[in-house]
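Notes follow the structure.
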Amino acid sequence: MTLPENFLWGGATAANQVEGGVLEGGRGLANIDMMPCGSDRKKVAAGTMKMLEWDDNYYYPAKEAIDMYHRYMEDIKLFAKMGFKVYRMSLSWSRIFPNGDDAEPNEEGLLFYENIFNELHKYGIEPLVTIAHFDVPLNLIKKYGSWRNRKLIDFYAQYARTVLTRYKGLVKYWLTINEINILLHQPFVGGGIVFEEGENQEEVKYQAAHHQLVASALATKIAHELDQENKVGCMLAGGNNYPYTCRPEDYQEAINRDREGYFFIDVQARGKYPNYALKKFERENLHIIIEPEDVKILASAPVDFVSFSYYSSRTVSAHSEDYEHTTGNIFGTIKNPNLPSTEWGWQIDPLGLRNSLNQMYDRYQKPLFIVENGLGAVDVPDENGFIDDEYRIDYIRKHIQAFKDAVEIDGIELLGYTTWGCVDLIAASTGQMSKRYGFIHVDRDDEGNGTMKRTKKKSFYWYKQVIESNGENLTSDNISTSIDTTVK
Ligand code: BG6
């Protein structure tokens with residue numbers, strides 16, 4: 001058998017993309033609740049269009065999402081039926097600290113997640129918890145300017161200490177901040193940053209990044225102090241950059257672009273700033289305030305494992321303007337002529353996953369965890385309501401084969417694999433429901449219509465078989481297309 005017996009198979013979601021119930025249970029509002037559907041979503045995400053109140057002219061999909069706030073028991077039961085060993089989920093910060101700077105946490109919010117963890121354990125599913133997934137309480141943005149302000153370190157640390165204490169014994173696997181490098185590309189999503197007129201945006205982003213890095217190290221330190229069983233990971237929006245040609249300057253561009261992401265993981269995994277980042281600050285005249293105590297905190301708490309999302313590789317060139325571009329997870333890329341694309345233009349590259357695993361293992365020598373991977377696609381049910389999503393199976397199968405090769409042939413250490421959006425959810429980039437990732441279909445459309453009914457897709461049965469065989473049986477030949485898809 002290629003994979004270890006305790007390999008953690010499962011799926012992943014984030015609070016803001018599934019829960020809904022944004023005004024229930026004493027929850028406060030957060031940056032991510034303010035992300036509208038439509039063409040302005042990008043500007044809000046970039047921090048260049050201020051939207052800190054709901055506006056009746058827009059539709060905000062996070063308000064109801066897929067209503068997991070009320071339906072988590074049903075969803076967890078389905079995850080258990082697929083045989084999940086792990087479920088990656090995030091906590092909503094503002095469900096626990098509604099204003100972010102409250103003296104006491106919101107008990108109702110704490111209880112909500114405690115119930116979820118108990119429900120997961122009932123089925124033998126280990127929770128993998130992201131403390132902040134694109135999530136900052138709105139009050140911290142309005143009152144303090146969000147992560148640009150050093151005070152956020154303490155607010156986050158208080159939040160982290162609260163949940164690490166409360167869920168001791170219930171949760172062992174933690175991620176401090178989802179896709180921490182997203183802060184550089186979508187500052188409002190990654191850090192609640194809204195830019196002010198005339199400020200140096202690069203400086204603001206890197207100062208906020210520094211605060212997040214210190215906060216992440218503090219959470220790691222607290223987790224280790226509270227319980228030696230805790231395993232804490234960092235989380236990168238992954239996918240390496242290929243040089244478009246073998247011109248040396250294209251290769252150099254690929255190295256530089258990889259470093260934009262590695263910068264964060266270098267700090268979190270090694271406990272100090274890499275020289276190339278310090279030189280960048282100097283060269284570009286970025287005045288980043290790094291206190292002497294920050295250096296000590298960073299050094300004191302490197303993470304236990306490195307996790308990342310992988311959807312695609314990217315292609316870059318020093319002469320980028322000469323080529324056709326396409327979209328990708330957050331970052332755009334030059335279109336790689338050797339790769340097929342999804343309906344959303346994201347390029348499909350399973351071997352890129354194996355190469356990413358190798359690069360990261362060579363660089364950090366720490367266990368790795370693939371915490372997001374999957375295919376966003378339009379699903380069309382047949383006349384009986386069945387979704388034959390062989391395209392999704394094909395995508396995931398090839399990526400599983402790629403990481404199995406990385407384990408078997410290259411010897412990398414891999415803790416687990418959680419597919420993104422194991423149940424259909426709101427897409428982060430576009431806010432759409434029609435960009436579906438799930439093994440479980442949710443009756444909900446892009447305008448918020450639908451019954452929220454859950455239905456099993458073909459991939460549901462296939463993934464169950466994959467988990468049962470610990471990744472040995474990847475075929476879908478034996479999966480009938482006339483199975484009962486109703487949820488019982
Ligand atoms: C990652 C995020 O960037 O990619 C998820 O961590 C997100 O929150 C996922 O949903 C897929 O992106 P999208 O835009 O297709 O939802």
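Figures for the structure shown
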item: Filtered residues of region 27-52 (kept if open to solvent by 40 Å² or more (accessible area, probe 1.4 Å) and either within 29 Å of residue 105 (Cβ to Cβ) or outside any helix (DSSP H, G or I) (or both)); result: 29, 38, 39, 48, 49, 50
item: Qualifying residues in region 415-436 (those that are away from the ligand (no atom under 11 Å from the Cβ), open to solvent by less than 10 Å² (accessible area, probe 1.4 Å) and among the hydrophobic types (A, V, I, L, M, F, W, C)) - the one farthest from the chain's Cα centre (by Cα); result: 423
item: Residue list for region 346-377, filter: within 16 Å of the ligand (Cβ to nearest atom) and farther than 21 Å from residue 302 by Cβ; result: 346, 347, 348, 349, 352, 353, 372, 373, 374, 375, 376, 377
item: Within region 91-193, helices (runs of 4 or more DSSP H) holding 2 or more residues that are within 14 Å of the ligand (Cβ to nearest atom); result: 187-191
item: Yes/no for residue 198 being in a loop (DSSP other than H, G, I, E, B), of a type outside the set (Lys, Arg) and under 21 Å from residue 307 (Cβ atoms); result: no
item: Residue match in region 303-320 (condition: within 15 Å of the ligand (Cβ to nearest atom), under 22 Å from the mean Cα position of the chain (by Cα), surrounded by fewer than 23 Cβ atoms within 10 Å (Cβ to Cβ) and among the hydrophobic types (A, V, I, L, M, F, W, C)); result: no
item: Subset of region 342-354 [surrounded by fewer than 18 Cβ atoms within 10 Å (Cβ to Cβ) and more than 20 Å from residue 403 (Cα to Cα)]; result: 343, 345
item: Filtered residues of region 7-26 (kept if more than 16 Å from the ligand (Cβ to nearest atom), touching a residue at least 60 places away in the same chain (Cβ under 8 Å) and either open to solvent by 10 Å² or more (accessible area, probe 1.4 Å) or not in a loop (DSSP other than H, G, I, E, B) (or both)); result: 8, 9, 25, 26
item: In region 396-414, the residues that are open to solvent by less than 10 Å² (accessible area, probe 1.4 Å) and either among the acidic types (Asp, Glu) or within 15 Å of the ligand (Cβ to nearest atom) (or both); result: 396, 399
item: Filter result (within 15 Å of the ligand (Cβ to nearest atom) and in contact with a strand residue (DSSP E or B) (Cβ under 8 Å, 6 or more places away or on another chain)) within region 328-345; result: 328, 329, 330, 331, 332, 333, 341, 342, 343, 345
item: Every residue from region 64-76 that is of a type outside the set (Phe, Trp, Tyr), in contact with an Asp or Glu (Cβ under 7 Å, 6 or more places away or on another chain) and open to solvent by 30 Å² or more (accessible area, probe 1.4 Å); result: 73
item: Boolean, residue 453 is open to solvent by less than 40 Å² (accessible area, probe 1.4 Å), within 30 Å of residue 60 (Cα to Cα) and in contact with a strand residue (DSSP E or B) (Cβ under 9 Å, 6 or more places away or on another chain); result: no
item: Residue match in region 265-279 (condition: in a loop (DSSP other than H, G, I, E, B), of a type in the set (A, V, I, L, M), away from the ligand (no atom under 16 Å from the Cβ) and modelled with pLDDT of 95 or more); result: no
item: Of the criteria (1) at pLDDT 95 or above; (2) out of contact with any Phe, Trp or Tyr (no Cβ under 7 Å at 6 or more places or on another chain); (3) open to solvent by 30 Å² or more (accessible area, probe 1.4 Å), which one residue 324 fails; result: (1)
item: Complete set of residues in region 99-112 that are crowded, with 22+ Cβ neighbours inside 10 Å and over 15 Å from residue 154 (Cβ atoms); result: 109, 112
item: Matching residues, region 43-80, being among the charged types (D, E, K, R) and at positive phi; result: 67
item: Residue in region 56-74 that is touching a Lys or Arg at 6+ places or on another chain (Cβ under 8 Å), in a loop (DSSP other than H, G, I, E, B) and among the aromatic types (Phe, Trp, Tyr) present; result: no
item: Within region 355-378, tally of residues that are part of a loop (DSSP other than H, G, I, E, B) and crowded, with 17+ Cβ neighbours inside 10 Å; result: 6
item: Residue 354, sole failed condition from (1) in contact (Cβ under 8 Å) with a residue 60 or more places away in the chain; (2) more than 27 Å from residue 444 (Cβ to Cβ); result: (1)
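The values are calculated or read from the model by the stated rules, or taken from the named source; none is laboratory data. Predicted model, so just to flag it, every value in this text is computed and none were measured. Virtual Cβ from ideal backbone geometry, glycine too; neighbours counted across all protein chains shown. In case anyone asks, the SASA skips ligands and DNA or RNA and just uses the protein heavy atoms, side chains included. Shrake-Rupley method; radii C 1.70, N 1.55, O 1.52, S 1.80 Å.
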